[in-house]
1. (1) more than 19 Å from A:Ser5 (Cβ to Cβ); (2) surrounded by 21 or more Cβ atoms within 10 Å (Cβ to Cβ): which one isn't true of A:Leu93, the others all being true?
2. Which of (1) open to solvent by 30 Å² or more (accessible area, probe 1.4 Å); (2) touching a residue at least 24 places away in the same chain (Cβ under 8 Å) is the odd one out, the single condition A:Thr66 does not satisfy?
3. Taking segment A:168-191 only, how many residues are in a helix (DSSP H, G or I) and closer than 25 Å to A:Tyr152 by Cβ?
4. Among the candidates A:Asp215, A:Asp184, A:Asp249, which residue alone is at negative phi and not β-branched (Val, Ile, Thr)?
5. Identify, by number, the condition in (1) farther than 30 Å from A:Val147 by Cβ; (2) assigned to a loop (DSSP other than H, G, I, E, B); (3) more than 11 Å from RNA strand B (Cβ to nearest atom) that A:Glu104 doesn't meet.
6. From the residues in segment A:227-260 that are acidic (Asp, Glu) and in a helix (DSSP H, G or I), which one is surrounded by the most Cβ atoms within 10 Å (Cβ to Cβ)?
7. Suppose we keep only residues that are out of contact with any strand residue (DSSP E or B) (no Cβ under 7 Å at 6 or more places or on another chain) and more than 8 Å from RNA strand B (Cβ to nearest atom) within segment A:463-479. Which one would you say is least open to solvent (accessible area, probe 1.4 Å)?
8. Show me the helices (runs of 4 or more DSSP H) entirely contained within segment A:381-457 in which 3 or more residues are open to solvent by less than 60 Å² (accessible area, probe 1.4 Å), near RNA strand B (Cβ under 9 Å from one of its atoms) and hydrophobic (A, V, I, L, M, F, W, C).
Amino acid sequence: MTFTSTILPLIQTAVVNETGVDYPIRLDIPNDPSHGDYALTIAFSLAKQLKQSPQVIATTLATAITTNTPFEATAINGFINIRIPLTHILTYLESSLDTPPHLETSDRILLEYVSANPTGPLHIGHGRWAVIGDCLYRLLTYLGVSVTRECYVNDAGHQVTLFNESVDCVRKGIPIPENGYGGDFIPYLVDHCGPDQAPIDFVQAYQTETLHRMDCHFDGWFSETTLHKNGRILADIRDMFGDYVYEKDGAVWFKTTHFGDDKDRVLQKENGDLTYFAADTLYHIHKINRGYTHLINIWGADHHGYIKRMESVIKATQKPVKFQVILGQLVHLYKNGEPVKMSKRSGDLVALRSVIDEIGSDALRYFMIEKKPELHMDFDLELAKQKTMANPVYYIQYAHARLCRIIERSEGMPGVTRDLNDGDRELALMGCRYHNQLVEAGASFNVHHIPSYLYALAKLCHTFYTNNPIIYDNAVHTERLHIIATTKRILSHGLSLLGISSPQKM
RNA sequence: GCGCUCGUAGCUCAGUGGAUAGAGCAACGGACUUCGAAUCCGUGUGCCGUAGGUUCGAUCCCUACCGAGCGCGCCA
C-alpha cells in the first residue's frame, strides 16, 4: 500500500462533494517543502469549467479539505498545499513494509536482455543491460507483476561457424581465418575447454558465471538452435504471415514496410541460409505463444535500427501484445582517460568480468543503474576504482550500517517517550514515500529512480544521525527508534531491489 | 541524405505541464571527550543547445535548426 493511497481518496471525496465535479486528482510534491507535504493543482484545471479564478477555487477546496479530512490544506496563488499530520505519517510508516504496493496490470511480461553471442566474454555494455534487466525484474516482481527473465542465445549462424573455425585454428596452431576471432580469449578457451565440451557451451557457461558474479540470473536461456531443429522456421513464418512474405531476387522477404519499417527485410538469403531476423521473428512468436502479453527487450543502442523490424512482426500477428524496447546506450570505457575499444573480436577487450573483479559487484551495479539507460555513459575504470570509497553506494550502505549500530546498542535499554522535532518528521515522511517511488519507477520502467530515492533517504539519515540522538541519558527514545528501525529496513530493501548488499558493519 | 538517442552549474548527472530548476564531485571555511567523522554544517554558479508554436502556465509537449553519439547489410 502506498502512502498517497491513504490520502488521495479522502481528498478526492472532499473535492467531489464540494464542487460536484469528479475530476481526477494528482498529489504533487512541492519543490519547496515549506509549502507543504503535497500539493494539488486542480484549481487551475477547474478554473475554466467552474468559471472562477484558480485562487477562489483553491480557497474553497482548501477549506473543504481541512474540514472533512485529517489533512490540513491552505490555498496560495491557486495551489492547494497539504500538510499531513504526524500521527498519520507514523501510523503508516509503522506498517508500510508489511504490505507491498501493487502495480495494476494483467500483463505477463517477458523480459529479454543480454542475449549475447556465445562467442566471447561479456563486455561492460552487457553488464549494463544485465543490471538494468535484473533490477527491473526485482522491482516488478515486488510490485506483484508477473515477469520472466530470458536470455536468447545466438548459438546458430555465420558468426558461430566463424567462431568455431577460429577455435579449431588456434587448436591446430595455424592462423585464424580472415574476419575470425582474435584476441586473448580463444587461447584461454583452448586451454580450459575440455574435448567433450562444445566451445560455445564453454563460452555460455563462462558468460553465465560472469553474470552470477554480479548476482544476475535468468529464468530461462532460449537457444536459437532449437528453432532451427525441425527446419520449419520459414514454413512457420509463411503459415502465419503468408500475405506479407514474398520472393524477389532469389531471396525471401518479409514486407515489413507494410507496418512502418523503412524497407522490407530478408528472411532467407539467396544462398538458402536463413537470416538472424527470420529466427528472431519466430522466437518472438514463440514468446507470444507461451502466453506473454508484454514483451520487453533491452537492447544496445547500436541495434535501434532493428526496432521497427520487430515491431512490424508483432503488428503482423494482430494480437494485443505490447512490444517495448529499452535502448541502453553503450558504455564508453576509459582507462586513465584513454578510450578502450569494446569490440568483441579485438584483442584489447576489457571484459565485464575483470571490471567486476576490480571494483566489486555492489559498486558496479550502482554505477550501471544510477543513470537512465538511454544516457550515454562514460565509465573510467581508474576513476571508479579511485572513487570506490567516495562512491554513492557506500554513502547509502554507511547510513544503513549506522542505523544498525544504534539498534544494536539500544537493545535492553529502558525506553522513554520524548517530543519529536522537524527532523523526525522529515525522515519519517521520506520513508513513507518509498512505496510511491517504487510504483512510479515500476509503472514507467525507470529503475534509476530507486538509487536517487535511496541516496536522498540516506542523506536524511546522516543529517538525522547528527542532530537527533536516539540514545541518551542511558535510555532509548522510543518513537525515534521506531522511525529509524523502519528506515533501516527501507534502505536494506531498496538496496536489495538493486541487487546491492546492505552490510550491518563496514 | 534519412532515422534513433542525447544536449540542464566548471565536471558527472537528477528532475516535473506548475510556485524561486536541484544533488554529487571539485573549491573554500567550520564541526570528533558525545548512538561509527566512510559523516555533518556553511559559502557560489545556470539564456535548462537555439528559434518559433500550443497552454492560464513549457526545462518538460509540437515544429525547425545547431551540436554529440549511434544506425542505415541477403551481419548478428
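The values are calculated or read from the model by the stated rules, or taken from the named source; none is laboratory data. Owing to the predicted nature of the structure, the values given are computational and were not obtained by experimental measurement. Every residue, glycine as well, gets a Cβ built from its backbone with ideal geometry; the counts of neighbours run over all protein chains shown. Please note that ligands, DNA and RNA were not included when accessible areas were found on the heavy atoms of the full protein model with its side chains. Shrake-Rupley method; radii C 1.70, N 1.55, O 1.52, S 1.80 Å.
1. It fails just one condition, (1).
2. So A:Thr66 meets the others, but not (2).
3. Looking only at segment A:168-191, we keep the residues that are in a helix (DSSP H, G or I), and these are A:168-172, A:185-191.
If we keep only those that are closer than 25 Å to A:Tyr152 by Cβ as well, we get A:185-186, A:188-189.
Of the residues in segment A:168-191, 4 are in a helix (DSSP H, G or I) and closer than 25 Å to A:Tyr152 by Cβ.
4. A:Asp184
5. (1)
6. Of everything passing the filter in segment A:227-260, A:Asp236 is surrounded by the most Cβ atoms within 10 Å (Cβ to Cβ).
7. A:Glu479
8. In segment A:381-457, A:392-410 are the helices (runs of 4 or more DSSP H) which contain 3 or more residues that are open to solvent by less than 60 Å² (accessible area, probe 1.4 Å), near RNA strand B (Cβ under 9 Å from one of its atoms) and hydrophobic (A, V, I, L, M, F, W, C).
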